[in-house]
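The structure appears right after this line, and notes come after that.
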Amino acid sequence: MTQTLIALAALLVSASAALGLRSRARAASRLGAAGSPAALAICVVALIRVLSSGHAVALRVSWAEPFGELTLGIDALSSFFLLIILSLSVVTALYGVGYLERSSQSSVSWFFFNLLVASMIVVVIARHVLVFLLAWETMALTSFFLVAHHHGQRSVRRASWIYLIASHLGSFFLLPMFFLLAPAGGSLAFSDLGHALAPWAASSCFVLAVIGFGCKAGLMPLHVWLPEAHPAAPSHVSALMSGVMIKMGVYGLLRVAMLLGEPPLWWGWLLLALGAISALLGVLFALAQHDLKRLLAYHSVENVGIIVLGIGVGFTGLSSGAPHVAVLGFTGALLHVLNHAVFKGLLFLGAGSVLRATHTAEIDELGGLMRRMPVTGSTFLVGCLSICGLPPFNGFVSEFLIYWAMIAGVLSLTAATAVPLGATVAVLASVGGLALACFAKAFGIVFLGLPRRTTPQSVVENGPSMTAPMVLLAAACLALGLSGPLLAPAVATVVADLHAPIDAASIHATTRVLSRVTLIAAAFMALVAAMALVRHRLLCRRESRAAPTWDCGYVAPSATMQYTASSFAQPIVDLYGSLLRTRKRLDAPEIHFPEAAHLETETPDLSREGIYEPLFEAIGVALRRMLVLQHGQLHIYVLAVVLTLIALLLWQVGWNS
Amino acid sequence: MMDGVVDRLMVLLILSDVALLGMSRLGAVIGLAALQGALLGGLALSASGETSRAVLLAAVGLSVRGLLFPWLLRRTARRAGVQRDLEPFVGYALSLLIGIVMLGASMALGARLPLGRAGVSNLVVPAALFTMFTGVFLIVARRKALTQCVGYLVLENGIYGFGAASVGEIPLLVELGALLDLFVAVLVMGVAVYRITAEFDHMDTQRLDALRG
């Protein structure tokens, strides 16, 4: 506990140092980036000890009046999330040094960066409603300022406002949830919450938590801020937000679910449904995007959907008396939280590297970057393989566990429960396939082929401050993919915190599954290595020549004749056209000989256009009528205030007598 | 004996309120507000016994309400060159009628509100309420910014009297804080009124509505 508090202090010192050294950008950036490594170094040992032993530590200090008591605590769940927060913030901070090198406002950005990390730490260790909400709001505000870094651009300002409003709407649902949870007139410490809750109250709390935390996590109808905020934010901030901050929603959901006691069956169904919708629609919308970072943002929606699917399986297992299903589901979900943090961090950093070198994130304007930026390209490829859930990388491990949990549920539960679970297996499988198509598109168009448009010749790989973090994360993708059996016991202590009945048998079963996965992955790598060796052997005494690919008889192919992102995705996008509502503007040539043609596609967000814009428009129209009250006559304002006060006074006097 | 003094002060306070409602000359209006300040200083003195603290507070209140504010307001009026609040939203005769209604309401409310300490005249709460109502009425019904400023002053006088009646000894900090607030308000409004007049050649608040949405 002490170490974590010192780490928090280190972050605050680093934040204020960065702000204080505004005039010396270089020093500010160094000091601002030093906060996260220092924090990680200070508390990593203590956190691992908590995680391995499962013994929670707590701190209670009485505090000034409005808060009553400062209650903090670290249990296995907290330390699991803390380790992810700190590790990813170290990597992104390192990257940020290079990324913000030419920015004039880097010191302000570092100030908010450190505050964001600190507030996420407090969110995870808070054990008191007020402390939690305070940290939650600080997290929303600091990330808003980070998103608004390039606030000179109108689009960035608009995106950051959307983000701020979405965050506050989410918090709006958390307040009544905590009111319901708190005992009447009692303390607001987490340990006193949720005792003897009526079933309807527990269920309302759960629904409110799903909405409030789901908004932060980016569950499907609540995800609108993600595809706006991520393209606008600096890339290391998107990496941190997408890798860690949206997981705070997952954390909050798990933490509140812990307070609510035995879940009824329909909670699991709700999560499964939301998870399936998010995963499927997330990947479909990603497929239709043209902006690299927007595409990645939709993949965050997809992956949060997968995590929630895992949690949903866990809840279903808990409430239908199948503990081994629950353990598998929760373990898979938590591992996916970790894995998504790593590979999505990597992908956003890669996208940032491309953006910084070429000054565009439009997929259709890029191409052939693999030769110019080999490190970015190969690490991005690793990230793509991981996010698609291909062995031997880390995404496979967690997705496989979630599959396994679903299949175990199908096999061991009653038919009424098993059939929907079977349907989610199908959803997850198609999500995997679509993700593969999407990243084949993203990687293929951006890094392979020839440069489209006039990509300047001066595109070069970024410096080591930006490539080293990507290499580090890519290595972590592989390492985590191979170390599943080692992770399982640590995650099992976390799962034990969730009131999931952990017995040695279910941990053993999980570990056995993961060992087999690792074994197969290792065998696969050995096979690839063997094939590479054979190829090398066969080629080593022969002459190899590079020649142009067959050009279908057309003698002068140009770079614009390559597949574009839209044309690559077109078959799938058309297949799901009724869901995506892609708008097309096609000027096709009408004669047989080629002439100027034009195709434009745009896939706006379905829930933004279908739900939020009409809703807010209606609210706006309704409120515009209130403008009658804002007439500018001071007298009448005062009169209205007085009349209200008199009415209240009379009411109160009448009440008393 | 003590009660008699307080009663008389309260009657004077009510009369000054009525006079405020019927006056159009700014000089007289400011003078009446100053008189109220003096009356309230007396009330504070008699309500809280003659300890040195009470005397000091009453003296500060008296000098600020009775001397400083009127001086500031008179200066503003002189600079802005206004003497009367012509064409108020609510005419003077109607104002007096409404004043009678407000007095009745204050009496009724004062009887029903469980306030007023034992041993203090039961005229204090109605008189304070009536002063507050008068202040608010001046803000709502008069056109000139300066009269509205006096309205705030009268409103605060009522609040002060109310506090003196129900709490007795107002804590020093609260009292000083309220006075400081009011001082700043009067000063700022004085400057604002002067600027408005200098800029637009009038201080008619009805024409300050350009900022609405």
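The values are calculated or read from the model by the stated rules, or taken from the named source; none is laboratory data. The shown structure was predicted, so the numbers you read here are calculated from the model rather than taken from an experiment. Reconstructed Cβ throughout: ideal geometry from the backbone, glycine too, with neighbour counts over all protein chains shown.
Just to be sure, is residue A:353 part of a helix (DSSP H, G or I), of a type in the set (Gly, Ala, Ser) and either modelled with pLDDT under 90 or more than 28 Å from residue A:181 (Cβ to Cβ) (or both)? When the stated conditions are applied, residue A:353 passes them.
Taken over segment A:239-267, residues that are assigned to a loop (DSSP other than H, G, I, E, B), hydrophobic (A, V, I, L, M, F, W, C) and surrounded by fewer than 20 Cβ atoms within 10 Å (Cβ to Cβ) amount to 0.
On the given criteria, is residue A:387 buried (at least 19 other Cβ atoms within 10 Å of the Cβ), β-branched (Val, Ile, Thr) and out of contact with any strand residue (DSSP E or B) (no Cβ under 7 Å at 6 or more places or on another chain)? Spelling it out, residue A:387 is indeed buried (at least 19 other Cβ atoms within 10 Å of the Cβ), β-branched (Val, Ile, Thr) and out of contact with any strand residue (DSSP E or B) (no Cβ under 7 Å at 6 or more places or on another chain).
Within segment A:186-202, the residues that satisfy the criterion of being touching a Leu at 6+ places or on another chain (Cβ under 8 Å) and within 16 Å of residue A:62 (Cα to Cα) are A:188, A:190. Residues satisfying the criterion are absent from segment A:109-121 (criterion: in contact with a Lys or Arg (Cβ under 6 Å, 6 or more places away or on another chain), in a helix (DSSP H, G or I) and over 22 Å from residue A:44 (Cβ atoms)). Only a single criterion out of (1) at negative phi; (2) not assigned by TED's automatic domain parsing to the domain that holds residue A:440 is not satisfied by residue A:581, namely (1).
Condition check ((1) at pLDDT below 85; (2) surrounded by 10 or more Cβ atoms within 10 Å (Cβ to Cβ)) across all residues:
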{"site": "A:537", "(1), (2)": "no, no"}
{"site": "A:541", "(1), (2)": "yes, no"}
{"site": "A:548", "(1), (2)": "yes, no"}
{"site": "A:551", "(1), (2)": "yes, yes"}
{"site": "A:576", "(1), (2)": "no, yes"}
{"site": "A:585", "(1), (2)": "yes, no"}
{"site": "A:590", "(1), (2)": "yes, no"}
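Could you list, in sequence order, all residues of segment B:65-89 that are aliphatic (A, V, I, L, M) and at pLDDT below 80? Those that are aliphatic (A, V, I, L, M) and at pLDDT below 80: B:80, B:82, B:86.
Scanning segment A:250-274 for residues that are under 18 Å from the mean Cα position of the chain (by Cα) and free of Cβ contacts under 8 Å to residues at least 60 places away in the same chain yields a total of 1. Taken over segment A:498-535, the criterion of being in a helix (DSSP H, G or I), modelled with pLDDT under 90, out of contact with any Phe, Trp or Tyr (no Cβ under 9 Å at 6 or more places or on another chain) and not aliphatic (A, V, I, L, M) is satisfied by A:506, A:508, A:511, A:512, A:515, A:516, A:518, A:524. Do we find that residue A:450 is over 31 Å from the mean Cα position of the chain (by Cα), in contact (Cβ under 8 Å) with a residue 12 or more places away in the chain and under 25 Å from residue A:384 (Cβ atoms) in this structure? Here the answer is yes, as residue A:450 does meet what is asked. Test residue A:627 against the criterion of being assigned to a helix (DSSP H, G or I), over 28 Å from residue B:132 (Cα atoms) and not assigned by TED's automatic domain parsing to the domain that holds residue A:226, and give yes or no. It is true that residue A:627 is assigned to a helix (DSSP H, G or I), over 28 Å from residue B:132 (Cα atoms) and not assigned by TED's automatic domain parsing to the domain that holds residue A:226. Restricting attention to segment B:101-154 and to residues that are more than 22 Å from residue A:639 (Cβ to Cβ) and in contact with an Asp or Glu (Cβ under 7 Å, 6 or more places away or on another chain), the residue that is modelled with the highest pLDDT turns out to be B:123. Of the residues screened, residue A:79 is one that is closer than 27 Å to residue A:188 by Cβ and not aromatic (Phe, Trp, Tyr).
Within segment B:91-110, being within 12 Å of chain A (Cβ to nearest Cβ) and buried (at least 16 other Cβ atoms within 10 Å of the Cβ) holds for B:102, B:105, B:106, B:109, B:110. Among the residues of segment A:221-238, those that are closer than 22 Å to residue A:100 by Cβ and hydrophobic (A, V, I, L, M, F, W, C) comprise A:229, A:232, A:233, A:237. Comparison of A:123, A:129 shows that the only residue that is over 19 Å from the mean Cα position of the chain (by Cα) and assigned by TED's automatic domain parsing to the domain that holds residue A:87 is A:129.
Here residue B:163 meets the list (1) at pLDDT 70 or above; (2) within 12 Å of chain A (Cβ to nearest Cβ) almost entirely, failing just condition (2).
Checking segment A:423-434 against the condition returns a match, with at least one residue being more than 23 Å from residue A:513 (Cα to Cα) and of a type in the set (A, V, I, L, M, F, W, C). Taking the criterion of being over 14 Å from the mean Cα position of the chain (by Cα), among the polar types (S, T, N, Q) and assigned to a helix (DSSP H, G or I), would at least one residue in segment A:192-204 satisfy it? Yes, segment A:192-204 has at least one match.
Summed over segment A:608-654, residues that are over 30 Å from residue A:226 (Cα atoms) and within 11 Å of another protein chain (Cβ to nearest Cβ) total 25. Looking at this structure, is residue B:138 within 21 Å of residue B:12 (Cβ to Cβ) and more than 14 Å from chain A (Cβ to nearest Cβ)? So residue B:138 fails the test. Among the candidates A:622, A:640, A:569, the residue that is in a helix (DSSP H, G or I), touching a Lys or Arg at 6+ places or on another chain (Cβ under 9 Å) and either among the hydrophobic types (A, V, I, L, M, F, W, C) or surrounded by 15 or more Cβ atoms within 10 Å (Cβ to Cβ) (or both) is uniquely A:569. Every condition in (1) in contact with a helix residue (DSSP H, G or I) (Cβ under 6 Å, 6 or more places away or on another chain); (2) more than 28 Å from residue A:297 (Cβ to Cβ) holds for residue A:582 except the one numbered (2). Per the conditions (1) under 20 Å from the mean Cα position of the chain (by Cα); (2) not in a helix (DSSP H, G or I), the sole criterion not satisfied by residue A:392 is (1). On the stretch given as segment A:205-225, residues that are at pLDDT 90 or above and assigned to a helix (DSSP H, G or I) total 14. For residue A:321, the conditions (1) without any contact (Cβ under 8 Å) to a residue 40 or more places away in the chain; (2) more than 23 Å from residue A:221 (Cα to Cα); (3) assigned to a helix (DSSP H, G or I) all hold with the exception of (3). Scanning segment B:18-68 for residues that are under 18 Å from residue B:122 (Cα atoms) and either touching a residue at least 40 places away in the same chain (Cβ under 8 Å) or out of contact with any helix residue (DSSP H, G or I) (no Cβ under 8 Å at 6 or more places or on another chain) (or both) returns B:40, B:43, B:44, B:46, B:47, B:48, B:49.
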